[in-house]
Structure formats: structure tokens, C-alpha cells
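S.K.: Sending over a structure as C-alpha cells; questions will come in a sec.
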């Protein structure tokens with residue numbers, strides 16, 4: 001079993017499915033075919049406990065997946081895994097096209113503007129309906145940066161560094177007000 005820090009979360013177990021101990025899993029991945037080729041996964045409980053298991057069956061169903069795993073064979077056993085995260089080793093993640101990155105590659109990157117001024121560390125990625133938003137925290141506080149090609153100038157994954165097109169005016173402008 002891989003070290004927990006070397007694993008990538010690809011799904012969350014929502015509930016038991018059927019009478020054979022299968023589980024409905026909500027995908028956290030937007031990589032096509034991510035679940036179809038699975039043979040082994042690591043399950044991680046909210047408490048941090050981990051358990052390796054073999055995948056018996058996988059099928060897509062209504063926007064989620066139904067997985068059969070060796071760790072359970074009854075609905076009651078499957079119910080014990082509700083809320084657990086399904087993880088795979090980072091090395092088994094397929095390569096992405098240029099300009100796309102896995103979340104685990106970006107979290108922890110130092111962020112700077114194009115002039116080289118440090119902005120902080122990318123600590124979180126918010127998933128909003130329009131697009132993702134990078135949460136960068138540093139000495140000046142928290143900055144929210146849209147995950148957009150016109151904002152992100154460069155990403156150095158091995159160097160854990162991101163450069164953004166950002167101006168001082170952008171961080172000091174009053175936010176737009178929305179009438180409700």
C-alpha cells in the first residue's frame with residue numbers, strides 16, 4: 001500500500017448499492033475512464049484510517065459509479081464505508097494535456113506575480129460553477145485567483161511555483177457589488 005501522501009483522491013463513497021455489497025461512488029475526477037480500469041484502490045476513512053482493496057466490478061450509473069470491492073459483500077458491510085475516500089497512487093494517474101494539472105500538483109505551489117513579487121502559497125482550490133478558484137495565503141492575507149488561462153502565466157510543477165498575471169490594483173480594488 002502506498003504512503004497516504006502519495007495517493008490521489010478520485011471518489012467518495014456515498015452509500016451501499018444493491019444486495020451484493022456494492023457501493024455508489026461520486027467521482028471527484030474529470031479524467032475520462034478514470035474508474036473503468038481500476039483493479040486496486042486504497043480507501044481512506046474521515047478519521048484517517050486506510051484500507052487497501054481489490055476492485056471486483058465497476059459500472060457507470062446516473063453520473064456516478066457503482067463499485068464492487070473485496071472489502072465487503074453485504075449492504076450492511078458496504079454501509080460502514082459511507083463517506084470514505086477512494087484513492088489511487090499518483091503514478092497511476094494518466095498524463096494530462098499540456099496546460100492542465102492535477103490538484104495535488106498545484107497545492108503547495110508558491111505563487112508570484114509576473115514581476116516576481118511573492119503572493120503566498122496555493123493552499124486550496126475552490127470548485128465554483130463558473131470555474132475553479134485558487135486560494136493563495138501569504139503575508140498580505142488571502143487572495144482568490146481565478147484558475148483561468150489568461151490569469152495563470154506559468155506553472156513549474158517540479159519547482160512547485162506558479163506565476164500569475166496580477167496587478168497591485170487588482171488586489172486593492174473594491175469588489176463588485178451585486179444587487180439581490
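S.K.: For the condition in contact with a helix residue (DSSP H, G or I) (Cβ under 7 Å, 6 or more places away or on another chain) and either closer than 22 Å to residue 127 by Cα or without any contact (Cβ under 8 Å) to a residue 60 or more places away in the chain (or both), what is the one hit in 23, 69?
M.R.: 23
S.K.: Report whether or not residue 100 is within 20 Å of the chain's Cα centre (by Cα) and either without any contact (Cβ under 8 Å) to a residue 40 or more places away in the chain or surrounded by 19 or more Cβ atoms within 10 Å (Cβ to Cβ) (or both).
M.R.: yes
S.K.: Among the candidates 120, 116, which residue alone is in the same structural domain as residue 152 (by TED's automatic domain parsing), without any contact (Cβ under 8 Å) to a residue 24 or more places away in the chain and either loosely packed, with under 12 Cβ neighbours inside 10 Å or part of a loop (DSSP other than H, G, I, E, B) (or both)?
M.R.: The match here is 116.
The rows are residues; the columns are (1) outside the structural domain of residue 19 (by TED's automatic domain parsing); (2) exposed (fewer than 15 other Cβ atoms within 10 Å of the Cβ); (3) in a loop (DSSP other than H, G, I, E, B).
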| position | (1), (2), (3) |
| --- | --- |
| 67 | no, no, no |
| 81 | no, no, yes |
| 87 | no, no, no |
| 133 | yes, no, no |
| 143 | yes, no, no |
| 155 | yes, no, no |
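S.K.: To continue, here is another question. Can you pull out the residues in segment 103-113 that are surrounded by 11 or more Cβ atoms within 10 Å (Cβ to Cβ), under 20 Å from residue 28 (Cα atoms) and in contact with a strand residue (DSSP E or B) (Cβ under 7 Å, 6 or more places away or on another chain)?
M.R.: 103, 104, 106, 107, listed by residue number.
The values are calculated or read from the model by the stated rules, or taken from the named source; none is laboratory data. Since we're looking at a predicted model, the values are computed, not measured. Reconstructed Cβ throughout: ideal geometry from the backbone, glycine too, with neighbour counts over all protein chains shown.
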